[in-house]
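S.K.: Can you keep this structure in mind? I'll have questions shortly.
We did not get these values from a lab; they are worked out from the coordinates using the rules stated. Given the structure is predicted, the values throughout are model-derived calculations rather than measurements. When we count neighbours, we look across all protein chains shown, and the Cβ atoms used for this are built from the backbone with ideal geometry, even at glycine.
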Amino acid sequence: MTTAQDHTTAGDRPAVADRTTIGAHLALPLFHTLCGTLAGHPYLKVVVDRAENTWHLLDAAVHPFHVDYIATRVLGMELAELDACLDAFNASVYADPERRFLLGVLSLHTDMGAGTAGAGADTGRHLPTGRRARPFLVLETTEADTMSGPMLEEFYTFVRHRLDSRLPLLLKPANHGQEHALAAISDVRVPRILSHQLFGSRTRTPLNPGEAVGRLRHFRTAREYEEYAAGAGPLGGSDIVAMPCLPDDVPRVAGFINTAPTTPLSHTNVLASGWGIPNAIIRDLDQLIEAEELAGAWVRYEVQDDDITLVRLPQAPAPLLQAPGSALSPTLAQASAALTQASAPGTSDRRPAAPRIRLEPPLLHADIPALPLHQLRRTDRNRYGTKAANLGELHHVLAAGGEHLPAGEPDRAGQGPDHTLDLTAYYGRPRPPRADLYAHLTARLNTRLTARPGLSDLPALPDLSDLSDLPDLSEGVRKAQLRAAARDFVRATVTAPDGMALPFALQHRFLTSSPAIQQGISDLKAALEREAIDTIDPLCRRLQHLIQHAAPMSDDVARAITAAAHALPAGPSGTPGRLVVRSSSNAEDLPGFSAAGVYDSVTAVHGTDELLAAVRRVWASLLSPRSVRLRHQAGISPDDTYMGVIIQRYQPAALGGVLVTCNPTRRADFRNVYLNCSSGSPENVVDGTALPLQYLYNTVEGGGRTVALGSSAEDLPAATRERLADLALTGRLLQSHFSGTTPTDNSDADLNRELDLNADLNTGLNAGLNTNTDADLHVNADVDADADVDADMDSDVDADVDRPLDIEWLMTDQGDFHLVQIRPYAAR
């Protein structure tokens, strides 16, 4: 055994002794000497040198990256030299079948003795009496590592022989490919555990980062919550609400705590993200409440990417009591001041006044017609609402040029020809030390184009190794080829079901035709101006009743609605059949106001009477007590809000769900797309009917992994998971087009060093929600040879292409994907 003796410095930090050891036999004392900790799990990086038949146990305090260590300490390179060839170097250690080094992480877990590996490992508390804690180690690679089955077995065997024999060792496949590669190898030779098995009983899981102070309101059942809200009054900005499953209509409060498993894509977590409040799963909250006497107490609650804290405060904040020498963060200091005022005698429980959100003025001309979705563009959001406009834009993206437009009809948005459409801009953004990620996109598309029926006849894109042999292939041509391949891939993967969009003007005609509704709206505005909290909800309910049941609907409005439904393309049977009626407001998907789950949609509509009733219900949801209160808190006036309606044919689904083009619990992760699904309609996921299957798909290096099985007894078939990988990549490509134009300060450059950080994050955060850093195949490809197209691309790259999307989708029995909604994810 040898020990590294040098010292390292980083910036102004003092020199740190490097305790990295080479060739040592590993037992727990040495493990604890070298390990770091992430999300409660101790971990240790290991490098197996096959050429020297030895291994390196890295000091976590000194060497956060495998690749840096190998390059500088083993091969004698400078970091600048490594940065210059990082893509090729990463390929040599993560993808080369003849690689010299095998890289991985050992993480320490605890078997509770009750048959569930890992249970309690991250609680940081004493184990229950009568159970024996049994430590075990888990070996894993980075998620994008392409080790074959025999290489994984070699890696496991090498580590097993150099490990204390009393410590059980399990191999955790890092991705679906590794699971498949290990299927042919006996689990006696290579004992293993899957990610969702290891972390399925995780006690604490961050969902949305944030910090708050407030009074803990713990409800063990939904009935307890309802009884409290009915008796003690509505919850508010000084409350932190904890219960097994938070209701979608929960008011805006200081923080959420889920005491049962849920998904980061639940409506309540989307609300938490949009509101900027902390949210986490704390399954041992009952024990914490009993041990710390937290019931009804004032607490400091903080959720970070890898930590959750819940600390009792000695009294109501006035201001918050602090430990000597400590200081509140700006967020908590502001919250303290607000809560001090809220808790004072005689004051109502209100949040600080929010800045008024300005909405785009709606167009309400009486001659604005109902239109097919495929004739809309994003610029139509002030006529038909954001959902309808985004679906119209999606139709434009999925159509070749203007083929979807009737003969002679102009492009209503006045945008250029199809060849200017760029779906690659996300990969063109610099992510230091790389100028772009086009090479990775090239590799992903080449892999999928050759694997997918119907796309295999398309020409392969030139890879990095081909460029020196293609001197006549200009950079502009390569850019155009990549852009075209991305469009072809997206168009071959998803469709956008058509429908009819009813304009704001139709709702406006209905509302203004009823004096009772107009008087009710005037009364509501007056109550909001006076902050007459007790009268707002009754006024809203009366208005909803008028809109849904009492106010007469004129014949011309009813004819416009029924005519729109009759204009829908015929269903498979050629009969009207079942319809879906969806909301499409201008007061949603806004910076600072998400409105996820706030407005109604009706998914089972048959016949004219049900159609008219469904449209009334959607219109009325704009004036529900909850939607009015939430908009008022965001500074949105009732005068500015309107509701459009989408009417579509019902599409049966074998599988449905939601994907967001980010890792919702770690936004700095630029690689992964998070996808939830369950059998049947996507509504089963968004409304919480089923706890979904959860996946992360890497859209840079490729590969995916199962995060949780949810309510399912088993994982989806491998072929279906491969199709979901295509859907995830499609979502990422669509993000380039649908993202906003506000530049984002992406200051997490330290996360962009090397792919193997993901193995650390797998060990801790993993309910699978983690990030990986860098290993890519670099190709310098931008876009078009056309100068005008290049200018268009430049503007796209400068846009905020990192803004994630929230996409609802379904898969038919034939395996076709339909996108039923596309919008910004939790904009704030």
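S.K.: Roughly how many Å is it from the Cα centre of region 81-103 to that of region 216-241, as a whole number?
M.R.: 54 Å
S.K.: Students often check this: by mean Cβ neighbours within 10 Å, which of 156-165, 297-306 ranks highest, and how do the rest follow?
M.R.: Values: 156-165: 15.6, 297-306: 21.3.
The packing order, highest mean first, is 297-306, 156-165.
S.K.: When all alpha-carbon pairs of region 169-302 are counted, what percent fall beyond 21 Å? Spell out each step's value before the answer.
M.R.: On the way: 4326 of 8911 pairs.
Taking all Cα-Cα pairs of region 169-302, the fraction more than 21 Å apart is 49 percent.
S.K.: Per residue, what volume in Å³ does the convex hull of the Cα atoms of region 202-276 enclose?
M.R.: 85 Å³
S.K.: For region 157-172, what does the Karplus curve 6.51 cos²θ - 1.76 cosθ + 1.60, with θ = phi - 60°, yield as ³J(HN,Hα) per residue in whole Hz, taken in order and with x for Gly and Pro?
M.R.: For region 157-172, the Karplus-derived couplings read 5, 4, 5, 4, 6, 10, 10, 3, 5, 7, 9, x, 10, 10, 9, 10 Hz, x marking Gly and Pro.
S.K.: Okay, moving on. Assuming a ≥ b ≥ c are the square roots of the Cα gyration tensor eigenvalues, decide whether region 628-703 counts as rounded (a/c under 1.5), prolate (otherwise, with a/b larger than b/c) or oblate. All intermediate terms of the calculation are to be shown ahead of the outcome.
M.R.: Working: a/c = 2.42, a/b = 1.37, b/c = 1.76.
In terms of gyration-tensor shape, oblate.
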